[in-house]
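Visitor: Below: one structure in structure tokens.
The numbers here are math on the coordinates, done by the rules we state, and not lab data. Since the model is a prediction, treat every value here as computed from it, not as a measurement. Cβ atoms come from the backbone with ideal geometry, glycine included; neighbour counts cover every protein chain shown.
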Amino acid sequence: MKDIQNEKDKRGITIQHVGVQGVVVPIEVKDKEHGVQSTIATFDIGVELPADQRGTHMSRFIEYVQNLAEPLSFKMLTMTILPEIKKELNAKSGMITVNFPYFVSVISPVSKLKSKLELDVTFSVKDDDAWMMVTTPVTTLCPCSKEISKYGAHNQRGHISISIKADGWVWIEELMNIANASASAPVYPLLKRPDEKFVTEQAYDNPRFVEDVVREVKGRLDRHPQVSKYKVHVVNYESIHNHNAYAFIEGGKENAKEE
């Protein structure tokens, strides 16, 4: 059959990325507690298209993600999948983004009930540049509200998104723990009344602005031996305002030396 994609294009325009988006497939990822966890991932995959080539072969992208034979990792994306796709399609550059829910077992602080907390995880690879982002739900309590109120203080749920480049293996759970330690209190899927009392008081004893949270995360990432670069985005979904509060910071070992 005639291969239209391989026809020559005379417009002389290189396309930076062309590929597929929203490819949903079941995958396995490494799990610190159980070894391997099954989940559902959404893939976006693209490659650079040379100026003289009319189109790429979209089905090749689907073939690769449909035939994953081992737990997904940065190493697998950077050393196996993306190089093979680039070679197969004769592309100089390529990118893959994988987003998936990841579930971590958490235990309530007083009743010791076990439940599963959902984290949002994204692996992003462009050629040899690989990032992992973990978004953790947390609780924050406003220091200003606590200071000016006769009793109580407003608090809210927030999200801490930590993106890292690493020199070695970093567990998803490690980034969750950094987020929880930097907030006013963790979030739990299952709490009994004694647990609610504990978490409420924990947040009250640890008030945090978004500025406090992002700085706390930075300090912990700067001390992490495997993290070389990072980006941190914190959002508070305000409970008494009709807007959200956010903070962003980025850095790494090179930035720390300069400071």
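Visitor: Which order do the peptides 119-129, 141-151 come out in when sorted by mean C-beta neighbours inside 10 angstrom, highest first?
Guide: Answer by packing, highest mean first, reads 119-129, 141-151.
Visitor: Okay, moving on. What ranking, highest mean first, results for peptides 153-160, 186-193 when packing means the other Cβ atoms within 10 Å averaged over each residue?
Guide: Sorting 153-160, 186-193 by mean packing, highest first, produces 153-160, 186-193.
Visitor: Moving on. Mind checking which aspartates and glutamates have their C-alpha under 19 Å from Lys92, skipping anything on the same chain fewer than 8 residues away?
Guide: Partners within reach: Glu7, Asp9, Asp44, Glu48, Asp52, Glu84, Asp127, Asp128, Asp129.
Visitor: Oh, and also: Once both labels are modelled 7 Å past Cα along the beta-carbon direction, what's the Asp167-Lys112 spacing in nm?
Guide: The two pseudo-label positions are separated by 4.0 nm.
Visitor: Between Ile148 and Phe248, take the C-beta separation as r, use R0 = 22 Å, and let me know the FRET efficiency to the nearest 0.05.
Guide: 0.25
Visitor: Also, quick follow-up: For Asp128 paired with Lys8, estimate the spin-label separation in nm (one decimal), with each label point 7 Å from Cα along the Cα-to-Cβ line.
Guide: Spacing of the two 7 Å Cα→Cβ label points: 3.4 nm.
Visitor: Also, quick follow-up: Given Cα pairs under 8 Å that are at least 6 residues apart, what percent is the relative contact order of the chain?
Guide: 14 percent
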